[in-house]
Every structure is written in structure tokens, then in C-alpha cells.
Amino acid sequence: MLEILRDGRGVEPWTPTGDVARVFFGGDEVLVGVSLDGDEVRRRQRHGLDVITNRRVLQLLLSLPVGVAVPATFLREKDLRLLQSLPAGVVEISDGEVRVVMSPALQLSSVGVVATTWKQGLRIASPYAAYCARYVVLTRGLRASKAPLATLEARYYGLGLAEHQDGRLEWLVSPAPFQADRFTAASWLMAERLTAALHGTGWQPEQHP
């Protein structure tokens, strides 16, 4: 399936950006298109730093500029204590200043769902609406009577819709372009959870020339 995604055809052909990996996430198997920040990945490895999944911590980190020293007196005492409790490699605190050095290790560009029915694919893909482009690949073709409604719903919800038949991928609807209004703590939490999921599979990105 991963190889076929690179050679899709049909009415509205589309190709996911970044590297595509199959991962079990949120109780379902999905195809994620991601771009890894190699420098951040290696930096975390040097510090032995695991993912951060505390939303309050991520929100606090987002409120501070990355790589810029901020006087500790600008922070509330409870926020400073929280930062001081974090493992090495998240923030640097010295000489009365705080510097955030951690950033997301990946950028999520798309999530795909392989499903037997359109309704099943729609249900699984819906939770990712706030994070990236989404698409559904059906392992069996739509019935002629159901195809018009499925394509109409796909366009309405902004989902791509494709059929996988005879070793080929036929796109009926391409995913709506995704543009995040802003990067939130929820966005960062999603990136951290995906980082952990990908690490658990031993996945490595493709080597591009």
C-alpha cells in the first residue's frame, strides 16, 4: 500500500508529502505522512530524552520562544517549578534565565485510513481533522448506488477518497489542502504521541538523495 500511494491515478490523483509509515495509533492502524526533524531527533537521543505527553507542560513550552533566554522572573513561581522538574534536554535554566531547547521531532502532513467501507473510514479519519490532510482508501470498490453520496460526503468533510483494486489506487476525490491556523499544545501532543508510536515500530524514514 505504501508504494502504491506514490503512484495513484484517477479523477483527482494525489500523493502524500513527507515519508509515509504504517502505525497502530489511537486503537486503529493508520498511514501517517510525516517529516522528521533530524536535528531534533538526534538532540533528543543525545540527552536520552523521551517524549513529553503532559499537555500543561507543552502549553507552557509554547508560551516561551525556542532558543531565546527569558528572565526567570518573568515566569510564575509554579511554572518555573514545573520547568525545573523536567528532564534534561527540554529546557536550560542557569544564571536566572530560562531557555526552551525542545521542539517537535516531526511534522504531521497527512493521515490515511485503509477501510472496507466509506463509513468506517470516515469514522476513523475524523479525529485528525484539526491536525492534517486526511484520506480514506477503500479495499473494495463502492457500489454504483453509493458512490455519488460517498464522494459528496468526502468533499464536504475535506477527505480524500480512493479505491484500491487490482493492485492500483484510483483517486475519486483528493484531500482538501490543510492549513493550520496555529500550532497548539494539542498539535504538539499529537506530534509527541506519533513520535512515540513510530519509535515503537522501529520505523526509519526513507533516504532521499
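The values are calculated or read from the model by the stated rules, or taken from the named source; none is laboratory data. These figures come from a predicted structure and were not determined experimentally. Cβ placement follows ideal geometry from the backbone for every residue including glycine, while neighbour counts extend to all protein chains displayed. Just so you know, the surface numbers come from the protein's heavy atoms only, side chains and all, with ligands and any DNA or RNA stripped out. Shrake-Rupley method; radii C 1.70, N 1.55, O 1.52, S 1.80 Å.
Can you pull out the residues in the range 66-113 that are open to solvent by 60 Å² or more (accessible area, probe 1.4 Å) and not charged (D, E, K, R)?
Residues satisfying the conditions are Val66, Val68, Thr73, Phe74, Gln84, Ser85, Pro87, Ala88, Ile93, Ser94, Gln107.
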Checked the range 1-59 for anything small (Gly, Ala, Ser) and either at pLDDT 95 or above or over 23 Å from Asp166 (Cα atoms) (or both); matches are Gly18, Gly26, Gly27, Gly33, Ser35, Gly38, Gly48
Since Arg46 meets every condition but one in (1) within 23 Å of Ala191 (Cα to Cα); (2) of a type in the set (D, E, K, R); (3) free of Cβ contacts under 8 Å to residues at least 12 places away in the same chain, which condition does it not meet? (3)
Selected residue (only one of Leu58, Leu108 is under 22 Å from the mean Cα position of the chain (by Cα), closer than 27 Å to His47 by Cα, assigned to a strand (DSSP E or B) and not β-branched (Val, Ile, Thr)): Leu108
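Limited to the range 163-194, what total is found for residues that are part of a helix (DSSP H, G or I) and surrounded by 17 or more Cβ atoms within 10 Å (Cβ to Cβ)?
8
Name the residue, out of Gly38, Gly18, that is open to solvent by 20 Å² or more (accessible area, probe 1.4 Å), without any contact (Cβ under 8 Å) to a residue 12 or more places away in the chain and not basic (Lys, Arg).
Just one listed residue meets the conditions, Gly38.
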Just for the range 117-156: of the residues that are under 23 Å from the mean Cα position of the chain (by Cα) and part of a loop (DSSP other than H, G, I, E, B), which one is nearest to Glu12 (Cα to Cα)? Cys132
Given the criterion modelled with pLDDT of 95 or more and among the acidic types (Asp, Glu), identify the matching residue among Glu170, Glu163, Glu153. Glu153
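Yes/no per residue for (1) in a loop (DSSP other than H, G, I, E, B); (2) over 25 Å from Asp95 (Cα atoms):
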| position | (1), (2) |
| --- | --- |
| Glu3 | no, yes |
| Asp7 | yes, yes |
| Glu12 | yes, yes |
| Thr15 | yes, yes |
| Phe24 | no, yes |
| Val34 | no, yes |
| Arg43 | no, no |
| Arg46 | no, no |
| Leu49 | yes, no |
Among the candidates Glu12, Glu3, Glu29, residue that is open to solvent by less than 70 Å² (accessible area, probe 1.4 Å), acidic (Asp, Glu) and under 24 Å from Ala154 (Cα atoms): Glu12
Are any of the residues in the range 151-162 of a type outside the set (Asp, Glu), surrounded by fewer than 13 Cβ atoms within 10 Å (Cβ to Cβ) and more than 30 Å from Asn54 (Cβ to Cβ)? yes
Checked against (1) touching a His at 6+ places or on another chain (Cβ under 6 Å); (2) open to solvent by 20 Å² or more (accessible area, probe 1.4 Å), Tyr131 satisfies every condition except (1)
